[in-house]
Amino acid sequence: MSLPIDWSRPRGEKFDLAVARRKAKDPAKRIGIMLINPGGPGGSGVNAAFGADRRFSAEVQERFDIIGFDPRGVARSQPVTCSLDLLNAAPSLFPEDQAGFDRLKAYNQELAADCRARSGPIFDHADTVAVTNDMDAIRRSLGEQKINYYGISYGTIMGQQYAERFGHRIRAMVIDSNMDHSLDVKAFNATEAATAEDSFREFVAWCDRTESCALHGRDVAAYWDDLLAKADRGELVDPDDPTRPVAAEEITGLAFSVFYGPSWSYLADWLDRLDTATPAPAAVSAFADETAGNPFPAVFCQDYQYRVADNRELAALVADAKRVAPHMRGSALGHRAVASCVGYPAKANNPQHRLRITTAPKILMLNALHDPATAYAWAANAHKQSRDKTVLLTYEGWGHGVYTRSECTRGATDAYLINLTVPRDGTRCAAVEPQPEVSVAAAETAPTGPKPGLPGWQR
């Protein structure tokens with residue numbers, strides 16, 4: 001679809017929005033269209049449509065045309081691209097003084113200018129409000145009066161804001177693993193750190209009760225703290241590449257990524273090998289390669305007006321996160337998101353605000369109690385702000401993304417999407433113990449986020 005880059009100038013420059021449709025498998029049962037988004041920011045909805053047969057139940061696939069789209073600035077939709085050399089030249093996100101902070105600020109501004117020059121004006125118009133206009137353009141182009149929607153992680157902001165702006169165009173909406181777009185930077189930083197630390201505690205508890213855990217029988221928290229201390233002293237190397245030292249930030253970042261599954265067996269095995277420098281049986285490195293795509297700050301820094309002014313403020317946020325999360329030392333994702341916006345223009349296109357949904361039907365919110373990235377507190381707060389228009393279903397288990405976790409979560413979601421059967425607000429689905437991975441190589445690969453190896457708010 002050819003759409004305006006700037007919706008305030010509808011006759012201005014256009015970009016091509018990539019859209020994929022997986023038609024309902026049983027036309028006689030067809031209900032309508034269901035737009036989907038896997039989050040990110042930076043996740044490909046077209047790819048999500050390609051894989052929809054592996055995510056959604058047969059009943060849902062029979063009844064809905066599943067529509068995936070690459071949001072503006074992502075993948076096939078005039079993607080934000082940047083210099084690979086510049087991406088690889090990033091300074092520390094943890095500056096030790098104001099001079100280091102100034103280097104980070106100058107780097108972010110240089111990177112933004114490079115990405116803007118390579119990507120064009122889409123770089124400055126990748127915010128979620130613009131995406132919701134694109135979503136409604138898809139609806140109109142297909143001749144539909146209403147849409148159904150399933151969005152996960154950062155895709156929940158798209159759902160929330162579409163509901164605010166086009167609520168009367170919704171038949172059913174599921175927002176899974178919710179963002180809270182009302183938080184200031186201090187609350188965002190603290191809640192991200194708290195949910196990362198909660199996932200670490202759940203990993204430790206699993207290892208304590210599970211004999212197959214490679215660290216079973218040890219004081220896992222103490223072992224972990226000792227590994228981080230060794231990394232701080234430069235005493236650890238990548239077990240799959242002994243020439244490369246491993247920093248504490250890489251350990252916490254990898255653990256954070258693994259908690260998305262969660263792939264606890266993989267993490268325990270890797271931590272065990274890290275201390276002994278034992279290569280993986282399949283020789284699979286835990287760390288991913290760099291890429292030149294970088295839509296994350298172009299979107300996040302337009303949706304969240306987090307503009308840390310100086311090193312004193314950034315250091316205070318780091319200290320607060322470490323107090324909340326002493327083992328994880330904060331949230332790898334939360335800190336990178338905030339630090340990536342240092343030096344951006346003061347005014348964001350779509351600054352955070354409390355949810356104001358007025359015309360939508362009941363919306364189903366899903367969230368795991370122990371989600372490492374989208375804190376349960378975020379879902380609870382977003383639900384509190386929209387209580388008349390949302391119901392919250394809690395999955396009492398772990399990981400990022402709820403719909404496919406159990407018969408309970410899938411059954412409630414399918415009944416809502418197909419029959420508009422709204423579960424009772426406060427419904428809870430019991431946790432399902434994660435199954436151990438067969439090998440290191442079989443561990444789930446985390447989706448790419450703001451940096452290689454670190455997932456964003458996506459699934």
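The values are calculated or read from the model by the stated rules, or taken from the named source; none is laboratory data. All values reported here derive from a predicted model rather than from experimental measurement. So basically every Cβ, Gly included, is an ideal-geometry build from the backbone, and we count neighbours across all protein chains shown. The area values use the complete protein model at the heavy-atom level, side chains included, leaving out ligands, DNA and RNA. Shrake-Rupley method; radii C 1.70, N 1.55, O 1.52, S 1.80 Å.
What the table below lists for this structure:
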item	result
Ratio Rg/Rh [Cα only; Rh per Kirkwood] for the stretch 150-246	1.18
Point-charge dipole on Cβ atoms (K/R +1, D/E -1) for the chain, about Cα centre, debye to 20	2320
Euclidean distance between Cα centres, the stretch 346-407 to the stretch 212-281, Å	32
M328 - accessible surface, heavy atoms, 1.4 Å probe, Å² rounded to 10	10
Global geometry of the stretch 346-396, whether rounded, prolate or oblate, following the gyration tensor of its Cα atoms and the 1.5 cut on a/c	oblate
Whole-percent carbon and sulfur share, accessible surface of the stretch 6-83, 1.4 Å	46
Rounded D (µm²/s) - the stretch 30-119, Kirkwood Rh over Cα pairs, Stokes-Einstein at 37 °C, 0.692 mPa s	207
Convex hull per residue volume in Å³, alpha carbons only, for the stretch 71-179	129
Semi-axis lengths (Å, descending) of the ellipsoid that matches the C-alpha gyration tensor of the stretch 197-248	24, 13, 9
Average accessible area per residue (Å²) across the stretch 8-57 - probe 1.4 Å, nucleic acids and ligands excluded	52
Cα gyration tensor, the chain - rounded (a/c under 1.5), prolate or oblate	oblate
Residue-normalised accessible area of the stretch 312-459, given per residue in Å² at a 1.4 Å probe	42
A430 paired with N88, simple spin-label distance in nm, labels 7 Å along Cα-to-beta-carbon	5.2
Stretchable slack from R387 to T358, in nm (0.36 nm times residue separation minus alpha-carbon distance)	9.4 nm
Surface share of carbon and sulfur [accessible, 1.4 angstrom probe, percent] for the stretch 231-383	54
Lysine pairs within the chain, Cα separation less than 20 Å, 8 or more sequence positions apart or different chains	14
Nitroxide proxy distance, nm - points 7 Å out along Cα→Cβ at A248 and R9	4.9
